[in-house]
Amino acid sequence: MPATELCVIHPGALSASCWARLASHLPAGTPVRVLELETITRFWGNDPGLTVEELADRLRGRLGSSRAPRVLVGWGVGGVVADALATPARRVIVLDGAAPGALHAEPGEAQRLRSFAMYVGARRGRVLNLDAERLSLAHIAEGAVAAGALREDTALATIERCFEQHSARVLRDHRLTASYTPSGSPLTVVKAARSLVADSRALGWDRFGPVEVLGSGGDHYSMLTDDSAAVHLAMLLRRWLAPAYSSAA
């Protein structure tokens, strides 16, 4: 039987090269295909009329047919796209991606600042030591410099532009997710230790169908960039990629 192919739906923000680190800890010979949503112009351009179903249609054409079994992994908003691509022959794994309705309202500034702090730290492999009561761009800049995630001479205006770009991504992803109706197919949710949706065990997916919930180290971003978190995530994925490992578990 052909080796199981791991198909990753990557929405951007972090470099897609983060999947190479994870792939190095998978069973030898595992084919890994990374489908980048940012290569789709309407996604990258933040088209307000774009839907999850349209994204899935574009990726379906890229996936084509295959005799090999496939596992679909979607990180963040990639989770709803993976669900839209679900078939009985494809296991879907959502990495810290919220289901529709998991966030009751559009992410406010405080939520976007929190996720921005995670993002800034993960890009440089650092954890920012911040006071949640003082969360602001100036405080994030101070914490990022102290942690070695930003240079001391980084202008606040530069950080403000980065936050604007981050906010646009977060709000786009929320809009896409909120307008999607899940398939109800069984799936697995891997929730980061410091998830963006901390108060929901299954990130809202249990409202729509059977869900298995697993835990990962790190936060929404560092679950992919931190070495130990990536190793742990690869170990979780092995169960669908290596039958011998699964049967021994």
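FYI, it's all coordinate maths here, none of it is from the lab. Everything numeric in this text was worked out from a predicted model, so none of it was measured. Here the Cβ positions follow ideal geometry from the backbone for every residue, glycine too, while neighbour counts run over all protein chains shown.
Where Lys and Arg each count +1 and Asp and Glu each count -1, what net charge lies around LEU55 among other residues with Cβ under 13 Å from its Cβ?
Working: positive: ARG42, ARG58, ARG60, ARG62, ARG172, ARG175; negative: GLU36, GLU38, ASP47, GLU53, GLU54, ASP57, ASP83, ASP173.
Spelling it out: positives minus negatives among the neighbours equals -2.
For the stretch 76-193, what are the per-bin percents of Cα-Cα distances with bins 10 Å wide, up to the bin holding the maximum?
13, 37, 29, 17, 5, 0
Rounded to the nearest 0.05, what FRET efficiency do THR41 and GLU109 have when you use their Cβ-Cβ distance and R0 = 25 Å?
On the way: r = 29 Å, r/R0 = 1.14.
So the FRET efficiency works out to roughly 0.30.
Along each of its three principal axes, how wide is the spread of alpha-carbon positions in the stretch 1-128, in whole angstrom units, largest first?
49, 35, 26
Karplus couplings for the stretch 208-215 from phi (6.51 cos²θ - 1.76 cosθ + 1.60, θ = phi - 60°), rounded to Hz, Gly and Pro as x?
Those phi angles translate into 10, x, x, 9, 9, 10, 10, x Hz.
Under 5 Å between amide H atoms, partner at least 5 residues away or on a different chain: which partners does ALA3 have, H built in plane at 1.01 Å?
Result for ALA3 returns nothing.
By count of other Cβ within 10 Å, fewest leading, how are TRP19, TRP44, TRP205 ordered? Don't jump to the answer; show the numbers that get you there.
Working: TRP19 20, TRP44 14, TRP205 28.
Least to most surrounded, the residues fall as TRP44, TRP19, TRP205.
Which order do MET223, MET235 fall in if you start with the one that has the fewest other Cβ atoms within 10 Å? Numbers along the way, then the final one.
On the way: MET223 27, MET235 12.
Going from least to most buried by this count: MET235, MET223.
Give the average over all directions of the projected area of the C-alpha convex hull of the stretch 109-167, one decimal, in nm². Spell out each step's value before the answer.
Details: hull surface 13.7 nm².
Projected area, direction-averaged: 3.4 nm².
As a footprinting exposure proxy, order ILE93, ILE40 by other Cβ within 10 Å, with the fewest listed first.
Working: ILE93 24, ILE40 17.
Fewest-to-most ranking of ILE93, ILE40: ILE40, ILE93.
Tell me, what ³J(HN,Hα) does each residue in the stretch 141-158 have, in order and in whole Hz, if you take phi through Karplus 6.51 cos²θ - 1.76 cosθ + 1.60 with θ = phi - 60° and put x for Gly and Pro?
My calculation for the stretch 141-158 gives 4, 4, x, 5, 5, 4, 8, x, 8, 9, 6, 4, 8, 5, 6, 4, 4, 5 Hz in order.
How large are Rg and Dmax for the chain when only the alpha carbon atoms are used, in Å?
In order Rg, Dmax, the Cα atoms of the chain give 17.9, 55 Å.
Once phi is turned into θ = phi - 60°, what whole-Hz ³J(HN,Hα) does the Karplus curve with 6.51, -1.76 and 1.60 give for every residue of the stretch 168-176, x standing for Gly and Pro?
Values, residue by residue: 4, 5, 4, 5, 4, 5, 5, 4, 4 Hz.
Computed over the Cα atoms of the stretch 140-223, what is the ratio Rg over Rh, Rh following Kirkwood? Display every interim value, and only then the final one.
Values: Rg = 16.9 Å, Rh = 15.5 Å.
Dividing the radius of gyration by the Kirkwood radius yields 1.09.
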